């Protein structure tokens, strides 16, 4: 997989995650703090877990093992939806900046026989799972984030690119 492919997957990841985050402010407390809805988690815990995984993978693949140990938002009290939106905004920016430092040689590196590009593809796919869970819970309380399919992102990107060429 090429670096441009990984960057595309994470551009989609940012787009879809932002759609979830856009409908969080004002979500009812009983929805936000519920537990035991999907496994032992509810909406807030799902999105905090997704954030923590995102941080740990970025930091771990970046070689900052000490920071990986500190990136455990799941262990802290559940933040407000607004605080989580802010934490996600910082993480999405950090991931985008970090991806801009990578090259194809980095993606070809391996750990335990698994190329780094596959680990990054896993992370993007991991986000898809948890956004889907969150979208169902949000839709149930009248806060649908809309369609999150990658094809809708691709179509938006194609329209944006076409309008820039005009």
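Considering only the range 102-114, state which residues are touching a residue at least 60 places away in the same chain (Cβ under 8 Å) and not in a helix (DSSP H, G or I).
102, 103
Just checking, which of 69, 63, 26 is loosely packed, with under 13 Cβ neighbours inside 10 Å, modelled with pLDDT under 95 and in a helix (DSSP H, G or I)?
From the options 69, 63, 26, the qualifying one is 69.
Among 162, 140, 135, which is touching a helix residue (DSSP H, G or I) at 6+ places or on another chain (Cβ under 7 Å) and on the phi < 0 side of the Ramachandran plot?
135
Inside the range 63-88, can you point out the residues that are within 20 Å of residue 24 (Cβ to Cβ) and without any contact (Cβ under 8 Å) to a residue 60 or more places away in the chain?
Scanning the range 63-88 gives 73, 74, 76, 77, 78, 79, 80, 81, 82, 83, 86, 87.
For the range 35-53, give me each residue that is part of a loop (DSSP other than H, G, I, E, B) and touching a residue at least 12 places away in the same chain (Cβ under 8 Å).
The answer is 37, 42.
Checking residue 1 against (1) over 23 Å from residue 133 (Cβ atoms); (2) in contact with a strand residue (DSSP E or B) (Cβ under 9 Å, 6 or more places away or on another chain); (3) assigned to a helix (DSSP H, G or I), which single condition isn't satisfied?
(3)
Only one of 97, 154, 108, 121 is surrounded by 11 or more Cβ atoms within 10 Å (Cβ to Cβ), farther than 25 Å from residue 27 by Cα, within 16 Å of the chain's Cα centre (by Cα) and at pLDDT 95 or above; which?
Result of the check over 97, 154, 108, 121: 121.
The values are calculated or read from the model by the stated rules, or taken from the named source; none is laboratory data. Bear in mind that the values here come from a model prediction, so they are computed numbers and not experimental data. As a convention, Cβ positions derive from the backbone with ideal geometry for all residues, glycine included, and neighbour counts pool all protein chains shown.
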